[in-house]
Each structure stands twice: as C-alpha cells, then as structure tokens.
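Colleague: Dropping the structure in here first, questions after.
The values are calculated or read from the model by the stated rules, or taken from the named source; none is laboratory data. These numbers were taken from a predicted model, which means no experiment stands behind them. In this analysis, Cβ positions are derived from the backbone assuming ideal geometry, glycine residues included, and neighbour counts consider all displayed protein chains.
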Amino acid sequence: MKKKYTSDIIFILFMVELYIITIIFYELNLTLPQNITLLFLSVIFVGAVFSFLSGLLVSLYLSLFFVATFGSFLLYTGIINQVRYNVLYYVFLIVVPIFNLTIGSYSSRIKKTEQAVSYLQQRIDNFVTVDPVTGLDNITAFNRDLMKSMSFSKRSNTSLYLLIFEIKYYEELKAIYKASEMEQILKQAAARFKQVTRLEDNKYRISDHMFAVILANIEKSGAESVKEKLREQLNEIEITKTNGNVELVYLEYRIGYNKYGSEASSLELLNHTKRELVYDV
C-alpha cells in the first residue's frame with residue numbers, strides 16, 4: 001500500500017511540475033523571441049525522454065549538468081554583461097531538474113514493477129506443469145519426473161527408457177494451418193500418444209513439436225513396440241478447418257528411444273535420446 005501511495009505522489013508531483021512549466025512558458029512567450037522559447041522547450045523534451053528511458057541515476061546526472069550549465073550561463077551573463085533576467089528564468093532553473101528527476105524516478109519504479117511481474121510470472125510458470133493445448137505434462141514436470149525415475153531406476157536396478165517423437169516440418173505446418181487447426185493437430189497427436197502407451201507411463205509435451213514418455217520397468221522390446229504403434233497411429237490426422245471442411249493431415253515425424261545408463265542428469269539423457277532421432281529416417 002505504501003508503494004502505491006508513493007507512485008501516486010510521484011505522478012501528482014509530475015502533473016504539478018508540468019503545470020508550472022506550462023505557466024512559465026506562457027509567461028516567457030510573452031517577452032521572449034519564439035526561437036528561444038522553442039529552444040527551452042526542446043531542452044525539457046530531450047531531458048525528459050532521456051530521463052524516462054534511462055531511469056533515476058541518468059536523470060540525476062542530466063539535472064546536475066543542466067543546473068551547472070544553465071546556472072553558469074545566468075551567472076556569467078548577469079555579472080559580466082549586467083543582464084537582468086526575469087525571475088522565471090531562475091524558477092526554470094529549479095523546476096526543470098526536479099521535473100527530470102520526477103520522470104526518472106517514475107521510470108525506475110515502472111521498471112522495478114515490470115521486473116517484479118516478470119519474476120512472479122516465471123514463478124507461476126514453474127508451478128504450472130500442464131501444457132494448456134494437449135493436456136500433457138510440460139517440460140517442468142518432465143525434468144522433475146525424469147530425475148526421480150532415474151534415481152529410482154538406479155536404486156532398484158530396474159530398466160528405464162526415454163522415448164521421444166518429433167513432428168517434422170512443424171514451422172511449415174504453422175505457416176499452412178491456422179492456430180485453431182494446429183491445436184487440433186497437436187491435441188489428436190497427444191491423444192494417440194496416450195493410446196499407445198501404458199496408463200502408468202508419464203507423458204509430456206517438452207517443446208512445441210516434441211513429445212516424450214518415460215517408460216519405466218520395461219525392456220527394449222517394449223520400447224520398440226511403443227515406437228511401432230506410434231508409427232501406425234500418427235500417419236494421418238483428421239481436422240476440421242475453419243470453413244467447416246474436413247481435411248486429412250499427413251504428418252511426418254521421427255521417433256527415438258534410449259535406455260538410461262550412466263547419464264548424470266535428465267538433460268543428458270534427453271540429449272542422448274534426441275541423437276537417436278537422427279537415425280530414424
């Protein structure tokens with residue numbers, strides 16, 4: 001609540017300063033040439049833009065530079081040339097730095113808020129473990145579960161296989177089909193993926209075009225059987241286009257599996273399994 005009030009105060013202060021600057025320019029415009037007024041306005045605009053883009057620290061440096069430069073000009077011309085300036089010049093000397101500092105402070109608070117939102121969004125993403133399109137678990141759950149499965153396999157001395165399949169030419173498919181049609185393709189691919197695997201097998205969508213299943217306590221023949229069933233099930237997928245027409249989509253894909261051996265991490269096992277995709281032609 002305190003931070004909210006601080007932001008409100010900064011914004012109100014900004015509006016007050018903007019009002020004062022407007023009054024100053026109105027008064028100066030009555031006594032100064034138009035080009036001088038435009039120069040002052042340009043200085044304020046450039047300083048405000050840099051302050052907003054760079055934050056509080058840069059706005060502080062700009063304010064110090066402005067005070068030193070403009071203040072020295074007023075002092076020099078006032079003493080040496082005996083120039084008598086309107087009091088608004090000195091008000092201008094004070095208000096403009098405060099104006100830049102206010103903008104810089106508000107910019108810094110906006111950036112901090114964006115960082116906080118980004119951090120919280122990342123935390124939320126880490127807790128969400130279900131892919132919204134396919135209903136399968138996502139990469140976060142995959143990394144967690146694979147490490148657990150690897151640990152259990154090592155302790156119990158049981159076999160563990162990781163199988164992945166990749167939809168080929170995924171970007172080309174996205175260029176051909178609309179987003180709703182791509183969702184149909186992915187949902188049906190995930191549904192058939194579930195059909196050919198055991199109920200106890202954990203299944204995941206680990207990237208836009210790649211799916212994985214952890215096959216625990218299974219032999220090589222069982223992993224090969226899953227691979228062959230996937231080949232049979234994933235050749236054709238029927239979708240309903242936005243115009244109501246039904247169309248058959250012929251998918252090309254690669255399937256590979258690898259047995260857990262001496263890999264130290266889930267990422268290492270995943271990378272070893274991905275290499276098996278190269279040999280599936």
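Colleague: If you check 87, 83, which single one turns out to be touching a Ser or Thr at 6+ places or on another chain (Cβ under 7 Å) and free of Cβ contacts under 8 Å to residues at least 24 places away in the same chain?
Modeller: Working: 87 fails: touching a Ser or Thr at 6+ places or on another chain (Cβ under 7 Å).
83 is the lone residue from the list that is touching a Ser or Thr at 6+ places or on another chain (Cβ under 7 Å) and free of Cβ contacts under 8 Å to residues at least 24 places away in the same chain.
Colleague: Condition first: under 36 Å from the mean Cα position of the chain (by Cα) and either outside any helix (DSSP H, G or I) or outside the structural domain of residue 103 (by TED's automatic domain parsing) (or both). Can you find one or more residues in the stretch 56-76 that meet it?
Modeller: No, the conditions are met nowhere in the stretch 56-76.
Colleague: Okay, next question. Would you be able to say whether some residue in the stretch 75-89 is aromatic (Phe, Trp, Tyr), over 30 Å from residue 183 (Cα atoms) and surrounded by fewer than 12 Cβ atoms within 10 Å (Cβ to Cβ)?
Modeller: Kept after step one, since they are aromatic (Phe, Trp, Tyr), are these residues of the stretch 75-89: 76, 85, 89.
Filter once more, so that each one left must be over 30 Å from residue 183 (Cα atoms): 76, 85, 89.
Restricting the remaining residues to those that are surrounded by fewer than 12 Cβ atoms within 10 Å (Cβ to Cβ) gives 76.
The answer is yes, given that some residue of the stretch 75-89 is aromatic (Phe, Trp, Tyr), over 30 Å from residue 183 (Cα atoms) and surrounded by fewer than 12 Cβ atoms within 10 Å (Cβ to Cβ).
Colleague: Any idea how many residues of the stretch 90-118 are in contact (Cβ under 8 Å) with a residue 40 or more places away in the chain and either farther than 15 Å from residue 47 by Cβ or not assigned by TED's automatic domain parsing to the domain that holds residue 15 (or both)?
Modeller: Just the residues of the stretch 90-118 that are in contact (Cβ under 8 Å) with a residue 40 or more places away in the chain, to begin with: 91-92, 95-96, 98-109, 111.
Pick out the ones that are also either farther than 15 Å from residue 47 by Cβ or not assigned by TED's automatic domain parsing to the domain that holds residue 15 (or both) and you get 91, 108-109, 111.
Result for the stretch 90-118: 4.
Colleague: Also, quick follow-up: Tell me whether the stretch 169-188 contains one or more residues that are of a type outside the set (Asp, Glu) and closer than 25 Å to residue 260 by Cα.
Modeller: Looking through the stretch 169-188, none of the residues is of a type outside the set (Asp, Glu) and closer than 25 Å to residue 260 by Cα.
Colleague: I'm checking my understanding of the structure. Among residues of the stretch 144-153 that are touching a residue at least 40 places away in the same chain (Cβ under 8 Å) and surrounded by fewer than 16 Cβ atoms within 10 Å (Cβ to Cβ), which one is farthest from residue 267 (Cα to Cα)?
Modeller: So in the stretch 144-153, the residues touching a residue at least 40 places away in the same chain (Cβ under 8 Å) come out as 145-147, 149-150, 152-153.
Those still in the list that are surrounded by fewer than 16 Cβ atoms within 10 Å (Cβ to Cβ) too: 147, 152.
Values: 147: 9, 152: 17 Å.
The residue in question is 152.
Colleague: Specify the residue that is nearest to residue 179 (Cα to Cα); the eligible residues are those in the stretch 235-281 that are in a strand (DSSP E or B) and within 30 Å of the chain's Cα centre (by Cα).
Modeller: Step one: list which residues in the stretch 235-281 are in a strand (DSSP E or B), which gives 236-240, 246-250, 253-259.
If we keep only those that are within 30 Å of the chain's Cα centre (by Cα) as well, we get 253-254.
Working: 253: 20, 254: 23 Å.
Within the stretch 235-281, the match that is nearest to residue 179 (Cα to Cα) is 253.
Colleague: Among the residues of the stretch 251-266 satisfying the criterion of being in contact (Cβ under 8 Å) with a residue 40 or more places away in the chain and farther than 21 Å from residue 225 by Cβ, which is surrounded by the most Cβ atoms within 10 Å (Cβ to Cβ)? Break it down into steps so the answer makes sense when it comes.
Modeller: Keep residues of the stretch 251-266 that are in contact (Cβ under 8 Å) with a residue 40 or more places away in the chain, which gives 251-260, 263, 265-266.
If we keep only those that are farther than 21 Å from residue 225 by Cβ too, we end up with 252, 263, 265-266.
Numbers: 252: 11, 263: 18, 265: 12, 266: 20.
This residue is 266.
Colleague: Of everything in the stretch 122-156, what is in contact with a Ser or Thr (Cβ under 7 Å, 6 or more places away or on another chain) and of a type in the set (Asp, Glu)? Give them in sequence order.
Modeller: Passing the criteria: only 137.
Colleague: Just checking, how many residues over the stretch 139-178 are under 14 Å from residue 214 (Cβ atoms) and within 23 Å of the chain's Cα centre (by Cα)?
Modeller: 5
Colleague: Also, I was wondering about something else. Condition first: touching a strand residue (DSSP E or B) at 6+ places or on another chain (Cβ under 7 Å), among the small types (Gly, Ala, Ser) and either modelled with pLDDT of 90 or more or over 19 Å from residue 185 (Cα atoms) (or both). Can you find one or more residues in the stretch 203-219 that meet it?
Modeller: Our first condition is that a residue be touching a strand residue (DSSP E or B) at 6+ places or on another chain (Cβ under 7 Å); within the stretch 203-219, this holds for 203-206, 209-216, 218.
Filter again for among the small types (Gly, Ala, Ser), leaving 212, 216.
From the residues that got through so far, the ones that are either modelled with pLDDT of 90 or more or over 19 Å from residue 185 (Cα atoms) (or both) too are 212, 216.
Yes.
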